[in-house]
Amino acid sequence: MTQAQQEKQIEAIVERKLLEFLGDPDEGLKLRPSFVAKLRKSIKDKRKADPDFGLELSDATKRRLRALKSKKQKYISHEEVKRRFARA
C-alpha cells in the first residue's frame, strides 16, 4: 500500500470515528427546494460539459486512458478499409 493510500485510509477512519462520536450536525435538516433545484441544474450543466463528471476512475484506468490517448490510432474504419482496398 502506498503512502497516499495509507493517508486516504486513515482520513476515512478518522472521519468515520468523528461522526460516530459527534454525530452529523446536519442530520435531520431539510434542504430548501430552491437549493435542490440549483444543485440539480449545476450537476446537469457539469454533465453536459463533461460526460464523465462524477465517475471515479482507478489509477490503473487513468493510466490506461492516458496511454490510449498518446498512442497512434491502430484501427481504421470499415469505410476506410473499403476505400483503400476495394477493387476498381
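The values are calculated or read from the model by the stated rules, or taken from the named source; none is laboratory data. All values reported here derive from a predicted model rather than from experimental measurement. Using ideal geometry, Cβ is built from the backbone for each residue, glycine included, and neighbour counts are taken over all protein chains shown.
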Report, ordered by the first and then the second residue, all pairs with beta carbons closer than 8 Å, sequence separation of six or more or different chains, a first member in the range 2-27 that is polar (S, T, N, Q), and a second member that is at pLDDT 90 or above. none
Any hit, the range 43-52, residues being loosely packed, with under 10 Cβ neighbours inside 10 Å, modelled with pLDDT under 75 and either among the hydroxyl-bearing types (Ser, Thr, Tyr) or touching a helix residue (DSSP H, G or I) at 6+ places or on another chain (Cβ under 7 Å) (or both): no
Filter the range 13-30 down to the residues that are aliphatic (A, V, I, L, M) and part of a helix (DSSP H, G or I) and list them by number. Ile13, Val14, Leu18, Leu19, Leu22
